[in-house]
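Worksheet: one structure, shown below.
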Amino acid sequence: METNKQKAAANFMEKRYNCCQSVVCTYAGRYGAGEKDVFRMTEGFGLGMGGLMDTCGAVTGMFLVIGLYNSAGDMEDPLRTKMDTYEKIRKAAALFREKKGSVYCRDLLTQKGPQPLPCCAECVETAVEVLGEMGIG
């Protein structure tokens with residue numbers, strides 16, 4: 001059976017999904033989201049939000065997975081799980097930062113050239129590792 005880390009890595013390295021797509025598409029179906037819809041929604045989140053070099057797409061993907069996992073989806077009571085989700089996002093960001101030194105693409109992109117870059121593949125794998133450490137997946 002393929003692990004989450006293997007699937008995310010294959011999404012990035014073989015299928016050429018961007019870093020955000022690689023992470024979120026690994027988990028989408030498990031948490032009730034259609035993989036194709038998630039793929040489409042996250043298309044612009046690579047290279048730090050559409051090439052802006054801001055928050056790493058793998059980190060953003062990790063945050064999106066946490067939302068899928070943790071949200072009650074209660075549109076009548078949107079505060080029901082919001083603060084807990086925010087807390088999990090902050091924890092995930094801290095864990096990722098401990099492992100990689102930053103959550104920003106401009107700091108993490110240590111290589112130049114066409115994708116898929118090894119530094120980006122490492123970020124995808126790290127995002128999945130953090131989710132696993134948090135019991136998500």
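Values in this text are rule-based calculations from the coordinates and carry no lab data. These numbers were taken from a predicted model, which means no experiment stands behind them. As a convention, Cβ positions derive from the backbone with ideal geometry for all residues, glycine included, and neighbour counts pool all protein chains shown.
Between amide H atoms placed 1.01 Å from N, distances below 5 Å from Tyr104 occur with Cys56, all of them 5 or more places distant or on a separate chain. Helix content alone sets the calculated 222 nm mean residue ellipticity of the chain: runs of n ≥ 4 DSSP H residues at -39500 (n - 2.57) each, divided across all residues, give -18000 deg cm²/dmol.
Taking K and R as +1 and D and E as -1, what net charge do the other residues with C-beta under 13 Å from the C-beta of Leu131 add up to? The partial results should precede the final answer.
On the way: positive: Lys5, Lys7, Arg30, Lys88, Lys91, Lys99; negative: Glu125, Glu129, Glu133.
With Lys, Arg at +1 and Asp, Glu at -1, the neighbours total +3.
Normalising the average separation of contacting C-alpha pairs (under 8 angstrom, six or more residues apart) by the number of residues puts the relative contact order of the stretch 1-105 at 24 percent.
Which order do Lys82, Lys112 fall in if you start with the one that has the fewest other Cβ atoms within 10 Å? Don't skip to the answer; put the middle values down first.
Values: Lys82 15, Lys112 7.
Result, fewest neighbours first: Lys112, Lys82.
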